[in-house]
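The block underneath contains the structure these notes are about, expressed in structure tokens.
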Amino acid sequence: MKTLEVYPEMTLAHLQEHFTQLFPYLQLDLINSDPDHEKDKQMAIQTMDELAGTITHCCFLIEADMSVTDLEDDFRACYGLAMQIKRWTGYAWHDTDETRDWTLDQQNDKGTELQTHSYEKSPKRTSGDFSLAATGTSS
């Protein structure tokens, strides 16, 4: 079973890297109201507690059979963070708002399926391509 422990000392970049290893056709983004890309870089090296702005002592597991809604709820409950899951559609990253009740495995499988019908070889990621999603924008 695919699992990833989220803990207070984990940095956002570390979390996103390991999440992508488990679910290569999904992307985990922190929803950020400030589109400043320099802040994105600073936030990526912050721990979950630093992003939360408090010491939380909160840990939870990301599991393949949990829904997008449950995962987003866990981040909100534990750290007060708004997270968003995006799925690779074969040519771009798109939000999963319409399929929030699907499990992470179902989302990833759909990304894999869409990839096989695409001309792209794999999700386009560059070093540090774990961007923070700016609010008010759609992907």
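The values are calculated or read from the model by the stated rules, or taken from the named source; none is laboratory data. Predicted model, so just to flag it, every value in this text is computed and none were measured. Here the Cβ positions follow ideal geometry from the backbone for every residue, glycine too, while neighbour counts run over all protein chains shown.
Here are some notes:
- Each residue in the range 78-94 was checked for being farther than 16 Å from LEU15 by Cβ and not in a strand (DSSP E or B), and 4 pass.
- Where a residue in the range 97-108 is crowded, with 17+ Cβ neighbours inside 10 Å and its partner, wherever it lies, is aromatic (Phe, Trp, Tyr), with Cβ under 6 Å and at least six apart: LEU104/PHE23; ASN108/PHE23; ASN108/TYR25
- Any chance GLU50 is in a strand (DSSP E or B) and either closer than 17 Å to ASP105 by Cα or modelled with pLDDT of 95 or more (or both): no
- Applying the criterion of being closer than 21 Å to LEU4 by Cα and touching a Gly at 6+ places or on another chain (Cβ under 8 Å) to the residues of the range 80-110, the residue that is modelled with the lowest pLDDT is TRP88.
- Residue within the range 59-68 that is assigned to a helix (DSSP H, G or I), at pLDDT 95 or above and closer than 22 Å to TYR25 by Cβ present: yes
- For first residues located in the range 1-22 and surrounded by 16 or more Cβ atoms within 10 Å (Cβ to Cβ) and at pLDDT 95 or above, partners that are assigned to a loop (DSSP other than H, G, I, E, B) and of a type in the set (A, V, I, L, M) and lie 6+ apart or on another chain with Cβ distances below 8 Å form the pairs PRO8/ILE55; THR11/ILE45; LEU12/ILE45; LEU22/ALA64.
- Verdict on GLU50 being surrounded by 12 or more Cβ atoms within 10 Å (Cβ to Cβ), in contact with a helix residue (DSSP H, G or I) (Cβ under 9 Å, 6 or more places away or on another chain) and within 20 Å of THR96 (Cβ to Cβ): no
- Residues of the range 111-129 that are modelled with pLDDT of 70 or more and under 15 Å from the mean Cα position of the chain (by Cα): GLY111 alone.
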